[in-house]
Every structure is written in structure tokens, then in C-alpha cells.
Amino acid sequence: KHRQHPSEGNTDRWFMKMSASPSMTGVPVGKLSGARNPLPGPSRCTVKMTLSVEEKKKKNYSLKKSEDAFNAAKEMMPGGVNSPVRAFKSVGGQPIVIDSVKGSHIWDIDGNEYIDYVGSWGPAVIGHADDKVLAALAETMKKGTSFGAPCLLENVLAEMVIKAVPSIEMVRFVNSGTEACMGVLRLARAFTGREKLIKFEGCYHGHADPFLVKAGSGVATLGLPDSPGVPKAATYETLAAPYNDISAVEKIFESNKGEIACVILEPLVGNSGYIAPKPDFLSALRKLTKENDALLIFDEVMTGFRLSYGGAQEYFGITPDLTTLGKVIGGGLPVGAYGGRKDIMQMVAPAGPVYQAGTLSGNPLAMTAGIQTLKRLQEPGTYEFLDKISGELVEGIIDAGKSAGHAICGGHTRGMFGFFFTEGPVHNFTDAKKGDNAKFARFFQGMLREGVYLAPTQFEAGFTSLAHTEEDIQQTISAAAKRKHRQQPTKVNTHRFVKMATPASASMTGVAVGLGLSCSSRKLSGARNPLSKPPRCAVKMTLSVEEKKKNYSLKKSEEAFNAAKEMMPGGVNSPVRAFKSVGGQPVVIDSVKGSHMWDIDGNEYIDYVGSWGPAIIGHADDKVLAALAETMKKGTSFGAPCLLENVLAEMVIKAVPSIEMVRFVNSGTEACMGVLRLARAFTGREKLIKFEGCYHGHADPFLVKAGSGVATLGLPDSPGVPKAATYETLTAPYNDIAAVEKIFESNKGEIAAIILEPVVGNSGYIVPKPDFLNALRKLTKENDALLIFDEVMTGFRLSYGGAQEYFGITPDLTTLGKVIGGGLPVGAYGGRKDIMQMVAPAGPMYQAGTLSGNPLAMTAGIQTLKRLQEPGSYEFLHKITGELVEGIIDAGKSAGHAICGGHIRGMFGFFFTEGPVHNFADAKKSDTAKFARFYQGMLREGVYLAPSQFEAGFTSLAHTEEDIQQTISAAAKMNFIEVKFC
């Protein structure tokens, strides 16, 4: 551990002056207004240094490996990171690249050890890599890493959250805090029928467009203006007020009577640094919102389960209408949530019309880590301990500065703290900006060298954990007191307190398969090394009559789902899982392996959903699980650069033709949201063209004639999406190049980008006509617009280089997801380097993610791509999928029914219509009632298809000839008879 070196002549002191007020919030350190059972002020730490001069010399602090890794990362990822604050822009010097974490300590790849006060930006409240959490994750992994279907773990965590948080009667889990805030805003607008919102300057609510107005966190850290690429219309209804200024809020309500949907805020700010509410501020907001029939939303992504078990709302005794959560509830794995009053939450799909979805929401590993973390926080004395050590830490640091006659103020609440280099007090973002950033940068670099890792910006709160020890606290205070922090000349890797100069900132597939044809041809246009036609499967069912007597039951699933409906809107965390379009009882998954899955009733299924695409090598692959087990030993979340990000980035860049640089995020929705903002920023234009039935996540601009769950549920464009948010979204029928040409003609010089699924999977399986993609490429070039391929579904599935390699068309930008995380929550966007360099921190276009580049997600992605590199992978997928589709279609045609379909490699689909199906209008001609009956029958026969006609199906490398034959036999047995199983 980094012990403190003896000061020479006892002259080295910390360099800050303490203000007359001991707290920036006007409350004594160790206490906050509204705190319950405040502890007495902690005793001072007076720690002597224990290392001799000889030991001091032996410790050669170096960041050479981190420097090499970071330089390599800068060639692959904008600014070298997957979230801007990690780049040390505001503090200068060399960002550390993390190797491992444990308890309250972290180690970089150079072998340096640090006491950690970042805690992966908040989640590590019980300490990193907690033994009980790791043991529980190891057990969960045995059952699979991703289901894409309901599981009991969601119920367990939902019940814990509802019992803990006063405002939450019903909850929806998502993949990040950004998604939670985006979803809760849409819900508030839909429930109130109003569009305007009030936010506070310096409060950060993720990187959705409406919130990037006077935002905190990385936006404040980088000193960015409101981000380029955000249309003015998207923020037109966002009204900002200074935090802690109730009179300013009253004026906004007065000027906008009957128009305010909600007030959203961090109840205790952490994204402008640590800023506590004035004693009556929160209660005044509660009163104002009730008087004006507006909703009060607490963004507790940071404070939830940290200030108290019930969050800031329990701590301060103020109950909002809606709440967002994140960080702690996933134990460091990518997760978010929003919840509140049941009458409001029942508006969320599939219970109501407000659309929000997530392929990987409710991920079993994230649920497990969250459950174990909350269990630990329930233990007696937890929050008293956090209060004690945080108070001791802050008082010690401030006293060190005060003793040296320098300006500093700060405070803490339980396990959350902060300080500013200013006289204080700090009540809002304007006050916070008075902090001496240059002085903080020198202090940060000095503390880093002394083995203390603070947030690398003055505009982020710090965090303690249950794993921090008295020794950690004393060592930190001693490090702060050690030096005068003289300003040193800038020099790379001098390991001094330096003032750094910051850098400026065919048929369905082009062939004859399906679409009402005979399926006699297997050749695929654009396919490499097409296989000859595989042998037909004419297989009879092998189960005996006695075996068939097995009573198929979903009693346990029914009970679990009924319980879930009381806690989660529609009983699920993504609408399509509710079986709305096929009827019957949704199955609740217990475990998965290879190509099979088991529900909690013990029923076994051949799986053709594959967690909605990621399980391309099969569920719970042994090599993936082994690699995850090794990675977990080093920690489940860093919130800082790690080598695994470099490895996966390099693999993606080498594989995908269009990608020269990549940014990892937490979901496909975040990827599409980020890439749209980037396209708008790069072109300086705002209009985009999307295609009817194509789905690009649930960000507001894309919820126009969308596919996926929107199509499945038959929803109109979602309530809660302001007209202004979709004003610049222009739609055309898929495969209709003439319609696209007309849009360009009518909007000359205004189109920023075209975005599309190169093969549609979210309206069912629809392939491009032979020249469609090529014509789009030509049109975008002629009009100086960007072409974006949304390959969240097709990436690494149609070929190793995705649809763009398969069809030989290179777009400007690409989004990825699903496969690249091996089933764990991850997304990515990438493209030409000149475009990607606009992304923060390399450029001014803001997008961030606390948990982006999660080490477990990176590991699963790396192992999945390694498996896909093995010879014959895509030929195998092509063979078994063709056999499956031909068998199902022939079974239907033999019975005299209308059916068409097709496949490319491991992606397939079929419609109950004559076909051909070239667009969403064609897809909607399908007989969905017949599909529902067919689906229920196949389910009873042990075959799990996507529970919607408007979703593609997937095969994997784990599917066997026996699986395919059994599936075809089940289809033939049904004979498509109109028997109602639901």
C-alpha cells in the first residue's frame, strides 16, 4: 500500500485555505439538515509517516503501461475512453488504466495501488468485488448470462426496491441511468398531457437530448456548451433554474401556468460536485408541484440506496411522484430503473401506451449483483458507518487546508462527499464554478501519486464504501497534509503535482427463399461460398404416447407473472416479453444452456430467440463462462479505462468495414441515440430519414412508425413524445428508393443522415431488394448526408463483418449491440475517424456512460467474437437456418396455408401471408391470429419462437441437427390447425 513518506523539516503542507464556514452547505461537517441520528463529529486523524527514506526511493511510481495502453486506445476510441470524464481532461496528466479492484482499493496495469473514492462512480457502496456478490454471480452464471425473457430474479429485486423506496409502488428496470431518465420523462409527459419540464443548472440526468441543457457531470467537467447535435426543438420545452433557488422555480410556474409536466432534480447534487439542498428547498418543490398538478421526479441514480436504504427521499422525508435509480441497484453491472405511483406507472407498455423497451433489461447477472448489494446494505449500522468515515475524511481534508491558510469548503451525507477550492458556501452550479480548477488538478495529481484515487474532476462527488477502513481514511488525510502542492512546470510523467495544459478541445434475401415461393433455391445474393442445398428433414416425432402424457403446465410461471404484474408494468421489463400479441401465459425462465432453455415449471424448449440475438454461439458457452469467472476475480466494474476495452475495440475495428473508431455504450438504444446526435453535429443539419417499421431504440426521435414492440403491441407513436422531438424525423417505406429520392428533393441541403436496419429484424424478417442499399449509398454521397447502418441485430450475425460486409456496402457510421456483449448489456457506435473524433472528450459532441465498457460485458464480447472467427461458423449457421426455414414453410404449404419466409446465415423469419414481404405494410398483411395459435402450439411442443410476428428469429452454433428436426416435426404436427391453445 502507498504509505506516506516523512516530510522533510515538516514543511510540506496542503495548499488550501479553509473558509470561516466549515461547510459549503451551511451545515456542520458530519451533519446535514434533515439527517436522522447525526453522529458526533469524528475524532481527528493524526497519522505519522512510516516509510523510511530508503523505502521511499524504492517506490518508483510509473504509469508507462497505462500511457502505452491509453495512447493505443486514442487510436480506437474517441479521446481514448468510453466516457469523457475518464480521460483526465480537467486534471491533466496520464489517465490510469485499471487492472483490478477489491474492497476499497484499485490497482492499475503498472501495479500501482490506490485507495478508491470513485467506487465506479457510485455503485461500489459495499466495496469492489465483494465475496458474497461474486459467489452469487458464479451461481447465476451456471444458469446463463442472458435470457431476454422474464426471470424470478427480476421479481426479487423489484420487491426489494418497492419495499425500500417510499415513492415506488411499481418499477421498470432498464440498462442505464440515461435510459431511466429518458423513460421517466416520457412517462411524465404522457401522464400529465404536458410537455414542459423544469430541470436545474448543473444537474445531470443522462445524455438524452432534452437534458443536455446547462448540464453537469462530464459536460461541466469538459466546459462544453450545450452539446452540438442536439436540435433546438428537442430542448425547447426544457426550462432551467438555479439549484436551491425556489423563487426562480415559482417564477417559471407563474410564466407557464398549466404547461409544466414535471420538475426533475438530483435531490442532493453529485454531478456538479457535492451540493446539498437548503433545509426547505425539497419540501417547497413538493408543495409547488402539487399546487400546479405537476409531477416531482427525484433522480436518485446517484443517491439511491447511498444516503439511506430508502435513498434521499427517505433521508430528507420528501416523497416524489417518480424516481430514477441506477448504480447501486446493479452492484456495478449496467442497470437502471424508474418507478413511482402505480397509477402513473401503469401507463408504461405493455400495461399502457407509453413505449419503452430493452432487449437485455433485467439481465440476470445485474439483478443478482443488485440483490446481493441491497442485502448487505440492510445490515445494522451500515449507514452510520458510512456517515462516520465520510465525516472523518472530509473534516480531515478540510482541516489540513485550513491549517495551511487556504480556501476550501466541503461536506458529506453518509457515503457521499465533496469539496471545492473556494471560500464557499456552495449552493448551486454558479457557486461551484468558483472553485479553483487548476488547484484541484494539481491536488488530484499529487494524491494520485500518493496512492489516493479521487474523481478526476471537481464537478463530481466522491464516495466511500463499507470496505473502507480507518487506515484508508488516515492514509488519505496524511497524503493531503503532506505537500505544499507547489505549482510545477508541465512535464509528462514527472509524477509531480503539475498544472497540465489540456489539449483543445434478393427475394427476401435477393434470392428465392420464401416470400410465397417454393423455397427450392438456397443461394443467397452476396453470400460468400454458398452451400449447396441441405438435405430435407422428414422426421417423425420420437416421443412415445406415454412420454406425450407428460402434463405441460405453466402454473409456477403464471404465479410468478401475476406477482410481477403487481410490481412491474405489464409484469415485464420489456413489452414483447408479455406475450401480448400471441396470448397465453408468458414463460418465466429458470436457466439456459446451448440451444435450450428451461422455465421455472421444468419445461424444456429449443430456443430460437437467443436472448433476442446475442446468443449466437449458444447460451452459457463454457469458454465464455470460464473467461467471465477469471474477469470477476479482478472485479465486476471499474468506471475507468481497462485493457479489455482496447481488446474488444480492436476486434470490432478489424472486423467491421466502416468502423475506424468506436465508442462502447450500455445498449442499442444509447448507441442509436449517440450516433444520431453525432451525425447532426458533423453535418450541421437536423433532419433524418428513417424507414417505416425499422426500430432504433426508444429515444424520442425514433419513435415514429417504429417496429419491434411498438409494432407488436399495435401502439400509435408513443404518448409522451413531444411533436418537436420528431419534427425533423422523415419516414419512407423500406425498399422504396423513389420515396427516399423525393424526400431529398424536398429537403435539399437539410438531411443529416439516413438510418436503417440493412436487414430488417424488427418488423419481422425483411431483406433489402438487390440494389436498395447501393442506391442509398449513392444518394447520401450525392447529398452530403451520412449513411448509418443500425447493425445492433445484424452485426457479427450475417457475417463476421456484419451486413455491410455481407452486402458489400460501407456506411459512414454503424451501431452495434447484442452479439458484441455476448448477452450482457452493451452497445456501440463507430465509423470514420474524422466523424468519430467529434465525440467527447476528443470533440464537443457529448455522450457518456458511467458503466460503459463494463469488464464483464467486454469479456463476454471478446470470447463470443473469438468463437465466431473459427472456420465454418457462418456456413454452419447458413445450413441449419436454411433447413429450418424450408422445413417450416414446406409444412405450411403442404397444409395449403399461406406462408412465406427466408433467412440469411443465422437470422430468419416467416409470415402468414402469400408475400412477398418488402416492407412494413406488406408485413402487416400477415395473419397474426394464425401466428398466435401456431406460436402457442409450438411452445407446448417445446419450441420457443419470438412471441411476435414482428420479430426475427435466430439460430446459434449450439443448435443441432436434432433440434432442427424436432422443430420441423413440431410444425408439421400442428398442421396449422385452428386450435386455440391460449
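The values are calculated or read from the model by the stated rules, or taken from the named source; none is laboratory data. In this text, all values refer to a predicted model and were calculated from it rather than measured experimentally. Cβ sites come from the backbone with ideal geometry, for glycine too, and all protein chains shown count toward neighbours. We work out accessible area using only protein heavy atoms, side chains counted, and drop any ligands, DNA or RNA first. Shrake-Rupley method; radii C 1.70, N 1.55, O 1.52, S 1.80 Å.
Numbers for the structure displayed
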{"read-out": "Glu650/Asp784 FRET efficiency (R0 22 Å; Cβ-Cβ; nearest 0.05)", "value": "0.10"}
{"read-out": "5 angstrom amide H check on Met347, placed H, neighbours 5+ away", "value": "none"}
{"read-out": "Modelled FRET efficiency - R0 30 Å, Arg777 with Glu961, Cβ distances, 0.05 increments", "value": "0.15"}
{"read-out": "Percent accessible area from carbon and sulfur atoms, the range 752-806, protein chains only, probe 1.4 Å", "value": "47"}
{"read-out": "Eligible aspartates and glutamates near Lys402 by straight Cα distance, threshold 19 Å, same-chain separation 8 or greater", "value": "Asp12, Glu392, Glu423, Asp436"}
{"read-out": "Non-local Lys pairs in the range 669-804, i.e. 8 or more apart or on different chains, that have alpha carbons under 17 Å apart", "value": "18"}
{"read-out": "Local electrostatic count at Ile106 - Lys and Arg +1, Asp and Glu -1, tallied over other residues with Cβ under 11 Å", "value": "-2"}
{"read-out": "Net dipole in debye of the range 824-982 [+1 Lys, Arg Cβ; -1 Asp, Glu Cβ; about Cα centre; nearest 20]", "value": "400"}
{"read-out": "Relative packing of 669-675, 475-481, which averages over residues the other C-beta atoms within 10 Å, highest first", "value": "669-675, 475-481"}
{"read-out": "Cβ crowding within 10 Å averaged over residues, with 326-334, 887-895 ranked highest first", "value": "326-334, 887-895"}
{"read-out": "Assigned charges on the beta-carbon of Lys, Arg, Asp, Glu; the range 67-111 dipole about Cα centre (debye)", "value": "260"}
{"read-out": "Whole-Hz ³J(HN,Hα) from phi, Karplus 6.51 cos²θ - 1.76 cosθ + 1.60, for the range 73-78, glycine and proline x", "value": "4, 5, 7, 10, 10, x"}
{"read-out": "Protection proxy ranking, peptides 602-615, 156-169, average beta carbon neighbours within 10 Å, highest first", "value": "602-615, 156-169"}
{"read-out": "Over the range 868-982: Kirkwood hydrodynamic radius from C-alpha pairwise inverse distances, Å", "value": "14.5"}
{"read-out": "Whether the range 599-700 is rounded, prolate or oblate, judged on the alpha carbon gyration tensor where a/c under 1.5 counts as rounded", "value": "oblate"}
{"read-out": "Net charge dipole size for the range 336-460 [Lys, Arg +1 and Asp, Glu -1 on Cβ; Debye, nearest 20]", "value": "300"}
